[in-house]
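Step one of this worksheet: look at the structure below.
Every read-out reported here was derived from the displayed coordinates using simple, explicitly stated rules and does not represent laboratory data. Keep in mind that what you see is a predicted model, and the values were worked out from it rather than measured. Cβ sites come from the backbone with ideal geometry, for glycine too, and all protein chains shown count toward neighbours.
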Amino acid sequence: MKFRKGIFKFNLILFLLLICFSATASAFVTTSTNYRLQSDTVNVSGLLSTSTNYRIEDTAGEVGTGVSTSAVYKTLAGYQQMQEVSLSISSGEDIVMPTLGLMQSTGVGSTTWTIITDNPAGYSATVYATVSNACSDRDGEGAIDALCDVETGESFADIPVAKHLWNVSNEYAFGWSAYGDNVTGHGTDTDCLAGVDNVPSGSLLWQGFHSTTPYQIASSTARTAVEGTVVTMCVATEQDTVWAPSGSYYATTTITVLAL
């Protein structure tokens with residue numbers, strides 16, 4: 001039997017959507033099951049005015065407003081001043097997957113990001129894969145699979161979209177998982193590996209990308225610590241019984257982080 005060795009690489013390209021907006025104080029003054037107000041004001045009047053060309057909100061009669069600064073602080077006082085929010089994310093490293101072959105049927109890789117925000121309402125981070133029309137829909141889900149060889153059009157089938165324990169049978173497939181302080185729904189493991197070389201964790205919950213659908217990877221309803229929070233994304237491949245054609249396989253993944 002002639003066997004053609006496959007070389008599989010996962011290149012990670014990151015884009016950051018950074019949105020800073022006006023928030024208010026660091027505590028919520030009024031909350032219920034349906035809403036939360038971050039700040040309130042005592043004044044004599046106020047109004048939201050709009051037209052086809054502008055939108056303006058004014059407040060009258062409020063005292064003690066304005067910007068005050070010193071060598072050690074900056075205060076934005078007043079309802080209309082409010083507080084700016086900061087949000088940042090580190091650059092993740094590209095992932096190069098182990099080579100699959102006759103003696104190696106699984107491969108695991110990972111990358112990490114550190115997310116920092118002082119937004120009292122927290123943040124949400126999503127990931128999705130950019131795919132090439134040159135590649136195929138091997139899983140039959142109606143969307144081009146994420147990990148593919150553009151030159152040959154061959155692809156690894158995305159494992160089912162629902163999160164589940166890693167299980168590939170009579171297929172060559174690709175999937176992702178995650179862990180971290182702000183990661184939920186992907187299991188409790190804190191390692192992409194199962195304790196042996198290049199075998200996916202048996203405790204994490206994995207899923208496929210299924211084209212450009214965005215999937216939440218992490219979120220928080222509060223500000224992060226000053227040093228931020230670390231999010232790790234795991235990716236895994238496996239060929240079982242069916243051998244993947246020889247080639248170089250790639251997937252480009254985008255992470256988007258939004259302040260809430």
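Could you work out how much longer the chain between E93 and L260 gets when fully extended? Use 0.36 nm per residue separation minus the Cα distance between them, nm to one decimal.
On the way: separation 167, 0.36 × 167 = 60.12 nm, distance 2.60 nm.
Gain in length upon complete extension: 57.5 nm.
Please report M103, M233, M97 as a ranked list, fewest other C-beta atoms within 10 angstrom at the top and most at the bottom. List each step's numbers first, then the result.
Details: M103 6, M233 26, M97 23.
The most exposed by this proxy come first: M103, M97, M233.
Give the calculated FRET efficiency between T33 and R55 to the nearest 0.05, with a Förster radius of 30 Å applied to their Cβ-Cβ distance.
Numbers: r = 30 Å, r/R0 = 0.99.
About 0.50, to the nearest 0.05.
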| Could you put E57, E154 in order, starting from the residue whose Cβ has the fewest other Cβ atoms within 10 Å? | E57, E154
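In a shell of Cβ-Cβ distance under 14 Å around Y179, excluding Y179 itself, what net charge do Lys and Arg (+1) and Asp and Glu (-1) give? The partial results should precede the final answer.
Working: positive: K163; negative: D181, D189, D191.
That sum, taken over residues with Cβ under 14 Å, equals -2.
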| Which option, (1) 0.98; (2) 1.31; (3) 1.05, is the value of Cα Rg over 2.2 N^0.38 Å that was calculated from these coordinates? | (2)
| Ordering of 161-167, 62-68, 123-129 by burial proxy (mean other Cβ atoms within 10 Å per residue, highest first) | 123-129, 161-167, 62-68
| said: Under a Cβ-only charge scheme (Lys and Arg +1, Asp and Glu -1), can you give me the dipole magnitude of the chain about the Cα centre, in debye to the nearest 20? | reply: 180 debye
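Computed from the mean reciprocal separation of all distinct C-alpha pairs, what Kirkwood hydrodynamic radius does segment 74-187 have, in Å? Spell out each step's value before the answer.
Values: mean 1/r = 0.0563 Å⁻¹.
With all distinct Cα pairs of segment 74-187 included, I get 17.8 Å.
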| V63-S86 FRET efficiency (beta carbon distance; Förster radius 25 Å; 0.05 resolution) | 0.30
| Taking the Cα centre of each part, how many Å lie between segment 72-144 and segment 174-230? | 11 Å
| remark: So the FRET efficiency between Q216 and S248, C-beta based with R0 = 45 Å and rounded to 0.05, is 0.90
| query | Gaussian network model of the chain, Cα springs within a sub-10 Å range: biggest mean-square fluctuation belongs to which of T69, T224, T99? | reply | T69
| said: Taking 8 Å as the Cα distance limit and 6 or more residues as the minimum spacing, I'd like the relative contact order of the chain as a percentage. | reply: 28 percent
